[in-house]
Structure formats: C-alpha cells, structure tokens
Amino acid sequence: MKTQFLQVVVIATLAIAGAAAAGAQAWSLTGNAGTTPGVNFLGTTDNKTLVFKTNNTGRMRITNTGVVGINTSSPVGKLNIGGSGSNLSLSSPGYVVVGNITGFNLGIDPYQIQARSNGSASSLYLNDFGGTTFIGSSSKSSTGLVANGTSYGLSGYSSNSGSTGVNGGGPADGFGVAGSGYYGTFGYSSSGGYGIYGQGASGSYGVEGYSNLSIGVYGATGNSSSYAGFFVGNVYTTGSYLGSDEKLKQNIQDFSSAMNIISQLHPKQYQYRQDGNFKQMNLPQGSHYGLIGQDVEKVLPNLVKDSKFDVMKSVQSKVFADPQNPTAQSTTSMMTRSGETIDFKALNYTELIPIMIKGMQEQQQTIESLQQTNQNLQQQINDLKQQMQSLSANKPVSSNAGYLLQNSPNPFSSNTIIRCFLPSNIHQAQLSVFSSDGKPLKTYTLSNSGMNEVTINAGSLTSGQYSYSLIIDGKVADTKTMVLMK
C-alpha cells in the first residue's frame, strides 16, 4: 500500500513538471514568435556573466556589470576587443571593420585607423559636418599631432572667407606651430594670397626664422618682376652681403664716362606720401634725400624696376584663444587683398655705388693732371722770375745754352706760341711735340740763333696733355708740358 502511494506521488510530480515545462517560453533555433520586449529576453536573471561559445570555446561574454568582451575573458571598458587579431593593412581586415571590405570601409587595429576602398587607401574625415577635433594632450605627450605623408605631412584648408586653414596655439613661452624637416613649415597659396601668414601682437614676432647651421629665413621667387621679400616699413640687419664673386658674372668689362652719367642725375629733397592707400605702405616720414625713379630710368633704365603694392583690407577671422577649450574662440583682424594696387617704380641704389666710385677715379685723374700742369706752370713762373731778376740787375742771361719758355696761352684751345732760345755756337736745332705716352707728333726746324718763336695749331690734336722738347745737335736741351682743352 505504501509502495503504491509513492508511485502515485512520483507520477503526479512528473506530470506537474511536464505541464509547467510545456507552458514555459523557450528560444528556438529557428526563431521565436509571440515575444514581448521587456518581458522575453536572452540572458540571465541572476548575477552571472553571459558567455557565448563556438566550437565549445568562449568567444564573447557580457559580464554581470554590462561590460562586453570579445576574445577576452576579463573585459574592461564598455566594449573590449582582445586576443591576437590580424594587424590592419589595406587588404587584411584588422580587429574592427566598418563597411564593406570590397568597397569603402574603415579598419581598426590596436595601433591604427585606416579608411580604405577595396584594397586601396581612401580619405578619412573627422567631424566632416563641423565641430572641433582635438588630438593629443599637453599633459600626456610632448607632441599633440604627428602627420606624415608622401606629398604633405599636414595640409590645412578652410572654405570660408577670412578663415584659417591651420591654426596653432601654444603657451606664452611656447610655439603655436613648430615644423621640422627639409622644410620645417611649408605654405602655399594658389590665389594670390599668403602661403604663410604670421601676425604678432604686444611686442611679439609675426614670423621668426632661426638656424644654428644654415639659413634662418629663405625667400625666393621665380618671377623677375616680383620680389623674394617685400617689407612694408623699415628693415634692420646686423650684416648684409650681395653675391659678387667673379664666377657668378660674365661679360665683365671696364666702363668709362661715369662723370657724364653722374652729371645727368638730379638728387632731390622730398617727403613720402602718407594719404589714402599710400599710408598702408608705411613709407618713411619726415624729409628725405634721393633720386626720382623716372629721372634715373632715362639714364640708367636697368636700375629701375616697375613694382606694385597690393592694397589690403581687414577681415575678421575666428581663432582658438585656448587650444584646450573648444569654446574659447576669439575674433582677430587679418589682412587680405582688396583687389586694388599701387603701381610705382623702385630704384636699385646699390648699383649706383660703382658708378660713383668710377666717377671719383675719373675726377682724381683730372685732378692729378691739373696738379702736374700747375707744377709746370709754377716752374715756368720761377724761370721767368729768375730772368726778370737778371735783367733788372743788368746781368745778361747765359747765352751758352739753349732753353724753352712756357707756351702761351696754356692751357690753350686753338693756337699757342712756344718761345725758345738758341745759342750762336749750334749746328742743328729742332722743336718737337710729343703725346702723353711719348709718341712724336710734330717737329719744327729752328735755324736762327737767339730767341725763336713757333706757333702750334690745335686743329689735328685732341684734348689732353702734351710735352715739347728743344733738341740741339741731337741732344734734348729742355722739355716742358702743355695742356689742350677744346
């Protein structure tokens, strides 16, 4: 009886359990219908981790605190992908793939993020629809951003007028933008603007260049009508050199008539204009001395250059006052072209220096020639004084030797007269005229003893200095000089 009772209890228990199991919701391998969100779910109701397996190996789990781990048994963070997945390349997927691997997609591994297009590199856009993107932190790394590319390491662009393509900010004693490489910083403008624009305030520098081994700032232009550097205002330097080596030059030759060039230049005293758009050129104030470009161009056109100044206008631009704070923007005033220009002529004063030096040399030659002439004239005066003193003392001048008197007039422009004395005991006498380099030009035969007189006609002679000698019996008895000025 007792045994039959136990059998009835077991049968009843199994029937109740089967009925309960038949009434419970189960997840089918082919899907479920009639589920209610918030009521039906896949997971645990106790404080346990939910584990997903394939091939009886744990692949993913959701911990009891809601942390999701893939290929890791101890995930951290809301999503943690662990394990040893393939490193990212243009062909291998990496740890995370967003998009179609045969089309445009984004791949991620522990070291890099790469935008791809079916095995080729593609563009990666960050905040394409606006907003500020910050990379790096000054408290974590000495370098906030390192950009490396085959053409451009970093390229900045902004489509808004008056805006900034690349804006760098730093502490008061740091750098807003620092570059390193063959070109530390490279700027380019295709629209006639600025490749690099630097603006300083409160006594700071707009642009500073320094090199401990090479050139601090290098400027060049491929346009001969433009300038490698244009400075509006005074320029100060502790040293200045221009290339002057012989190997840099060709067709080297002397030039003359520098005094003729200088005589055609007309130095002026003037003041620079400060009105209207001329004020933007920051021309020097006060009284100045110099030449007028249009006047010099008539004499030395190769020293005058047609130039132009682009009139500027002020535009407002937004910049970050504090790079750590995306809302700390400030408005600054930047200068950009207005479309107007001031055409003017620029003068190369440096190349006037050799002309002035040559003029001084020519002037010195003239001075030395005149000094020699004065010495000769003084000697003639002294000789005449001696003769006059002898005559006044009734002492006859020695008649045993021949001598010359200075030609008169001297200098002369058309004709001049040369007087000479011949003693009575001579056989043959001549008066010869020589060029400054000693070449004989004219010879006159003298036949009378006593004082002779010869007239020299300047018609066939050129301006310059000449000498004339008295030759008695084949020997030079006396020589003097004269100057012809036409």
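State whether the residues of region 200-223 include one that is touching a residue at least 40 places away in the same chain (Cβ under 8 Å) and of a type outside the set (A, V, I, L, M, F, W, C). No, region 200-223 contains no residue that is touching a residue at least 40 places away in the same chain (Cβ under 8 Å) and of a type outside the set (A, V, I, L, M, F, W, C).
Against the criterion of being at pLDDT 80 or above and exposed (fewer than 11 other Cβ atoms within 10 Å of the Cβ), Q371 qualifies.
Scanning region 464-486 for residues that are in contact with a Leu (Cβ under 7 Å, 6 or more places away or on another chain) and closer than 20 Å to I367 by Cβ, we see that the one that is surrounded by the most Cβ atoms within 10 Å (Cβ to Cβ) is Y466. Please determine whether any residue of region 273-295 is in contact with a Pro (Cβ under 7 Å, 6 or more places away or on another chain), at pLDDT 95 or above and either within 14 Å of I355 (Cα to Cα) or loosely packed, with under 10 Cβ neighbours inside 10 Å (or both). Yes, the conditions are met somewhere in region 273-295.
The residue list L441, L431, L461 contains one member that is aliphatic (A, V, I, L, M) and crowded, with 18+ Cβ neighbours inside 10 Å, which is L431. Would you check if there is a residue in region 216-239 being within 18 Å of L352 (Cα to Cα) and aliphatic (A, V, I, L, M)? No; the residues of region 216-239 include none that is within 18 Å of L352 (Cα to Cα) and aliphatic (A, V, I, L, M). Among residues belonging to region 17-30 that are more than 30 Å from Y95 (Cβ to Cβ) and either in a loop (DSSP other than H, G, I, E, B) or at pLDDT 90 or above (or both), point out the one that is nearest to the chain's Cα centre (by Cα). Taking the candidates together, the pick is T30. Kindly establish whether N260 is assigned to a helix (DSSP H, G or I) and either surrounded by fewer than 16 Cβ atoms within 10 Å (Cβ to Cβ) or at pLDDT 95 or above (or both). So N260 passes the test. Restricting attention to region 168-201 and to residues that are modelled with pLDDT under 70 and of a type in the set (S, T, N, Q), the residue that is farthest from R337 (Cα to Cα) turns out to be S180.
Looking only at residues of region 41-76 that are part of a loop (DSSP other than H, G, I, E, B) and aliphatic (A, V, I, L, M), we find that the one that is nearest to S28 (Cα to Cα) is L42. Screening region 67-91 for residues that are of a type in the set (G, A, S) and surrounded by 14 or more Cβ atoms within 10 Å (Cβ to Cβ) and picking the one that is nearest to V146 (Cα to Cα) gives S89. Counting only residues that are more than 30 Å from T63 (Cα to Cα), in a loop (DSSP other than H, G, I, E, B) and touching a Phe, Trp or Tyr at 6+ places or on another chain (Cβ under 7 Å), region 77-126 holds 1 of them. Checked against the criteria, F129 does not count as at pLDDT 70 or above, under 26 Å from P284 (Cα atoms), in a loop (DSSP other than H, G, I, E, B) and aromatic (F, W, Y). All of N40, N71, N56 fail the test of being within 60 Å of the chain's Cα centre (by Cα), of a type outside the set (G, A, S) and modelled with pLDDT of 85 or more, apart from N71. G243 satisfies every condition listed in (1) exposed (fewer than 10 other Cβ atoms within 10 Å of the Cβ); (2) under 15 Å from the mean Cα position of the chain (by Cα); (3) modelled with pLDDT of 85 or more except (2). Among the residues of region 119-133, none qualifies, meaning not one is surrounded by 12 or more Cβ atoms within 10 Å (Cβ to Cβ) and touching a Ser or Thr at 6+ places or on another chain (Cβ under 8 Å).
The values are calculated or read from the model by the stated rules, or taken from the named source; none is laboratory data. Worth saying up front: this structure is predicted, and the values here are computed from it rather than measured. For neighbour counting, all protein chains shown are included, and Cβ atoms are generated from backbone atoms with ideal geometry for every residue, glycine included.
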